[in-house]
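S.K.: Can you read through this structure? Questions will come right after.
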Amino acid sequence: MSLETAVERRSLPLEFPFGIARGTTTETEVLFVRIDADDGPTGLGAAAPATHYGETADTVAAVLPDLLAVVEDVGDPHQLERIERRMRDTVRRNPAARTAVSIALHDLVAKRLEVPLYRYWGLDPDDAPATSYTIGLDDLETMREKTETAVDRGYDTLKVKLGTDRDLEIVRTIRSVAPDVRLFVDANEAWTPREAVAKIDRLAEFDLMFVEQPVPAEDPEGLRFVFERSALPIAADESCITLADIPRIADRCDIANLKLMKCGGLREARRMISAARAHGLDVMCGCMTESNASIAAACHLAPLLDYADLDGSLLLADDPADGVPMPDGRIDLGGLERPGTGAVLESAGD
Ligand SMILES: [Mg+2]
């Protein structure tokens with residue numbers, strides 16, 4: 001068969017400014033990728049590049065032609081393993097760009113087989129945990145209002161961004177308006193190891209599930225220091241990028257937080273899940289602020305996860321792509337009536 005590919009770049013405004021310890025964003029740049037087989041359906045994927053991992057919309061746009069040339073050269077979209085390996089050999093880094101193509105191919109292959117992606121993988125949709133919804137950093141009053149809005153929308157699991165000099169006040173405020181939600185916090189590398197241990201001691205009284213990335217990824221010994229003394233479980237995010245990181249973090253955290261935009265593809269993500277399990281870690285899949293065109297693919301991994309943090313599309317003001325239904329944050333794979341990832345881009349025409 002012959003494959004045709006197309007790329008479309010869009011800037012998507014967020015519903016609220018999204019603050020984390022490193023800064024605040026108000027929009028996200030997404031590159032939609034379509035792979036069209038002349039004898040059937042179109043696969044849809046998307047890249048949501050993160051500058052923290054060295055990518056921008058420009059770098060993604062720059063390498064996509066080389067990646068799509070690999071796809072066209074292999075010619076058979078079902079050769080997912082070969083294509084992902086050759087893409088990794090072609091552009092070593094650029095994980096969001098490779099992920100966009102990986103998603104589009106998995107979508108295309110599952111559509112050709114006329115099954116949702118989770119069925120192609122042999123997973124039970126009822127095993128998917130609910131997604132958390134993230135409350136970004138802001139002034140206390142705004143964070144309180146956002147929390148009330150999230151509870152009103154039915155989310156029962158909230159993630160709160162920390163990494164400030166008022167972290168305890170923030171969590172106390174959130175707990176005061178959301179006493180019953182499952183709650184965890186993400187410091188995004190902002191604490192020193194000793195500060196982290198002391199803060200976590202205080203935070204433990206607020207019934208938190210775990211603490212994400214307390215210290216910088218560049219300080220693996222610091223992560224171990226915190227893990228060995230922490231009153232709460234520890235999740236690794238910035239310290240957990242690709243498969244090779246799993247053995248490195250295994251003795252210094254409880255939970256591996258993988259993301260498609262960090263690891264470079266759905267097959268790499270599945271290998272990370274297997275490796276994390278082999279090392280006795282719990283597994284979480286997170287995301288960037290991104291469209292359903294990529295979030296939908298991550299949702300199909302959800303039956304393999306302990307924790308899903310897949311609110312990327314929920315944080316957008318208006319996502320041009322539809323995806324897996326998420327009523328009240330429940331990842332309703334069973335309610336998906338379309339094959340593939342279920343992602344549909346408006347005006348996509350397929
Ligand atoms: Mg994080």
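S.K.: Among residues belonging to segment 236-279 that are among the charged types (D, E, K, R) and assigned to a loop (DSSP other than H, G, I, E, B), point out the one that is farthest from the ligand (Cβ to nearest atom). It would help to see each step written out before you state the result.
M.R.: As a first pass, look at segment 236-279 and keep what is among the charged types (D, E, K, R): 237-238, 245, 248, 251-252, 254, 259, 262, 267-268, 270-271, 277.
When the remaining residues are screened for being assigned to a loop (DSSP other than H, G, I, E, B), the result is 237-238, 251-252, 254, 259.
Working: 237: 4, 238: 7, 251: 20, 252: 16, 254: 15, 259: 8 Å.
Here the answer is 251.
S.K.: Filter segment 119-146 down to the residues that are assigned to a helix (DSSP H, G or I) and under 27 Å from residue 184 (Cα atoms) and list them by number. Reasoning before the result, please.
M.R.: Of all residues in segment 119-146, those assigned to a helix (DSSP H, G or I) come to 119-120, 125-127, 140-146.
Within segment 119-146, 125, 126, 127, 140, 141, 142, 143, 144, 145, 146 qualify.
S.K.: Now for a different question. Only one of these conditions is not met by residue 328: (1) without any contact (Cβ under 8 Å) to a residue 12 or more places away in the chain; (2) on the phi > 0 side of the Ramachandran plot; (3) of a type in the set (D, E, K, R). Which number is it?
M.R.: Looking at each condition in turn, residue 328 falls short on (1).
S.K.: Which condition number does residue 1 fail, the rest of (1) open to solvent by less than 30 Å² (accessible area, probe 1.4 Å); (2) at pLDDT below 95 being met?
M.R.: (1)
S.K.: Can you pull out every residue in segment 41-56 that is open to solvent by less than 20 Å² (accessible area, probe 1.4 Å) and assigned to a helix (DSSP H, G or I)?
M.R.: If the condition is that a residue be open to solvent by less than 20 Å² (accessible area, probe 1.4 Å) and assigned to a helix (DSSP H, G or I), then no residue fits.
S.K.: Does segment 214-231 contain at least one residue that is under 18 Å from the mean Cα position of the chain (by Cα), among the acidic types (Asp, Glu) and under 30 Å from residue 88 (Cα atoms)?
M.R.: no
S.K.: Whether any residue in segment 233-249 is more than 12 Å from the chain's Cα centre (by Cα), under 23 Å from residue 116 (Cα atoms) and open to solvent by 20 Å² or more (accessible area, probe 1.4 Å) is what I want to check.
M.R.: Among the residues of segment 233-249, not one is more than 12 Å from the chain's Cα centre (by Cα), under 23 Å from residue 116 (Cα atoms) and open to solvent by 20 Å² or more (accessible area, probe 1.4 Å), which makes the answer no.
S.K.: Here's something else I'd like to know. Tell me, please, whether a residue that is β-branched (Val, Ile, Thr) and within 16 Å of the ligand (Cβ to nearest atom) can be found in segment 322-331.
M.R.: Here is the first cut: in segment 322-331, the residues β-branched (Val, Ile, Thr) are 324, 331.
Narrowing the set further to residues that are within 16 Å of the ligand (Cβ to nearest atom) leaves none.
No, because not a single residue in segment 322-331 is β-branched (Val, Ile, Thr) and within 16 Å of the ligand (Cβ to nearest atom).
S.K.: Determine whether residue 59 is out of contact with any Ser or Thr (no Cβ under 7 Å at 6 or more places or on another chain), open to solvent by 10 Å² or more (accessible area, probe 1.4 Å), in a helix (DSSP H, G or I) and of a type in the set (Ser, Thr, Tyr).
M.R.: Details: out of contact with any Ser or Thr (no Cβ under 7 Å at 6 or more places or on another chain): yes; open to solvent by 10 Å² or more (accessible area, probe 1.4 Å): yes; in a helix (DSSP H, G or I): yes; of a type in the set (Ser, Thr, Tyr): yes.
Answer is yes for this residue.
S.K.: Right, here's the next one. Restricting attention to segment 16-72, which residues are touching a Phe, Trp or Tyr at 6+ places or on another chain (Cβ under 9 Å) and more than 16 Å from the ligand (Cβ to nearest atom)?
M.R.: Passing the criteria: 26, 44, 45, 46, 47.
S.K.: Further, regarding this structure: Given the conditions (1) over 30 Å from residue 140 (Cβ atoms); (2) surrounded by fewer than 19 Cβ atoms within 10 Å (Cβ to Cβ); (3) away from the ligand (no atom under 16 Å from the Cβ), report the number of the one that residue 13 does not fulfil.
M.R.: Just one mismatch for residue 13, condition (1).
S.K.: Another question, if that's okay. Looking at the structure I just gave you, is residue 158 out of contact with any helix residue (DSSP H, G or I) (no Cβ under 7 Å at 6 or more places or on another chain), crowded, with 17+ Cβ neighbours inside 10 Å and at negative phi?
M.R.: Spelling it out, it is not the case that residue 158 is out of contact with any helix residue (DSSP H, G or I) (no Cβ under 7 Å at 6 or more places or on another chain), crowded, with 17+ Cβ neighbours inside 10 Å and at negative phi.
S.K.: Please go through segment 94-110 and pick out each residue that is over 19 Å from the mean Cα position of the chain (by Cα) and buried (at least 24 other Cβ atoms within 10 Å of the Cβ). Break it down into steps so the answer makes sense when it comes.
M.R.: To start, the set of residues in segment 94-110 that are over 19 Å from the mean Cα position of the chain (by Cα) comprises 108-110.
Within segment 94-110, 108, 110 meet the criteria.
S.K.: Here's another thing I want to ask about it. Is it the case, given these coordinates, that residue 305 is within 16 Å of the ligand (Cβ to nearest atom) and either open to solvent by less than 10 Å² (accessible area, probe 1.4 Å) or modelled with pLDDT under 95 (or both)?
M.R.: Numbers: within 16 Å of the ligand (Cβ to nearest atom): yes; either open to solvent by less than 10 Å² (accessible area, probe 1.4 Å) or modelled with pLDDT under 95 (or both): no.
No; evaluated as a whole, the condition is false for this residue.
S.K.: Tell me which residues, restricted to segment 16-40, are open to solvent by 30 Å² or more (accessible area, probe 1.4 Å) and either at pLDDT 95 or above or assigned to a strand (DSSP E or B) (or both). Don't jump to the end; show me each part of the working.
M.R.: Step one: filter segment 16-40 for residues open to solvent by 30 Å² or more (accessible area, probe 1.4 Å), giving 16-18, 20-27, 29, 34, 36, 38-40.
Of everything in segment 16-40, those that are open to solvent by 30 Å² or more (accessible area, probe 1.4 Å) and either at pLDDT 95 or above or assigned to a strand (DSSP E or B) (or both) turn out to be 16, 17, 18, 20, 23, 24, 25, 26, 27, 29, 34, 36.
S.K.: Determine whether residue 131 is open to solvent by less than 70 Å² (accessible area, probe 1.4 Å), without any contact (Cβ under 8 Å) to a residue 60 or more places away in the chain and under 21 Å from residue 238 (Cα atoms). Spell out the reasoning first.
M.R.: Working: open to solvent by less than 70 Å² (accessible area, probe 1.4 Å): yes; without any contact (Cβ under 8 Å) to a residue 60 or more places away in the chain: no; under 21 Å from residue 238 (Cα atoms): yes.
Judged against the criteria, residue 131 is not a match.
The values are calculated or read from the model by the stated rules, or taken from the named source; none is laboratory data. Model, not experiment: these values are computed from the prediction. With ideal geometry, Cβ positions are generated from the backbone for all residues, glycine too; neighbour counts draw on all protein chains shown. These accessible areas exclude ligands, DNA and RNA; they are computed on the full protein's heavy atoms, side chains included. Shrake-Rupley method; radii C 1.70, N 1.55, O 1.52, S 1.80 Å.
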